[in-house]
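Let me begin by presenting the structure, written as structure tokens, before commenting on it.
None of the figures in this text is laboratory data; all of them are computed from the coordinates on show. What you are looking at is a predicted structure, and each value in this text was computed from that prediction instead of being measured. Glycine also receives a Cβ, built like all others from the backbone with ideal geometry; neighbour counts cover every protein chain displayed.
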Amino acid sequence: MEKRVEIIKEFVGKNKIFTATFIKKDGTTRVMNCQLGVKKHLKGGEQKFNPIEKNLLTVFDMQKGEYRMINISTLQELKAHGEIVEFSEGI
């Protein structure tokens, strides 16, 4: 999973909008326009766990205006800067 995190951060960059396609917990596919590093909507306090340790990526959902978690292991595709990165099971 560390390799996926590195790819995500390098590909997207901080504060860049991107589209992520992943499988939700209920088994459905979700396509989300999101952004990394958004701090504007934080309400204070600290997260009680490190999301990366649980294979989760905290993003800001641009359509809903709320924070969401993406399961890194079910991430299928990223789109940003006019480019696409597809994830296979080996990565």
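With the Cα gyration tensor of the chain giving a ≥ b ≥ c as the square roots of its eigenvalues, does the rule (a/c under 1.5 for rounded; else a/b larger than b/c for prolate; else oblate) give rounded, prolate or oblate? All intermediate terms of the calculation are to be shown ahead of the outcome.
Values: a/c = 1.44, a/b = 1.26, b/c = 1.14.
Rounded shape, in that the Cα axes give a/c under 1.5.
In percent, what relative contact order does the chain have, based on Cα pairs under 8 Å that are 6 or more apart in sequence?
Here the relative contact order equals 32 percent.
Of all trypsin sites (Lys or Arg not before Pro) in the stretch 20-83, which ones are in loop regions per DSSP and have a Cβ with at most 16 other Cβ atoms within 10 Å?
Taking the stretch 20-83 and a limit of 16 other Cβ atoms within 10 Å, the loop trypsin sites (Lys or Arg not before Pro) found are LYS24, LYS25, LYS39, LYS40, LYS43, LYS48, LYS64.
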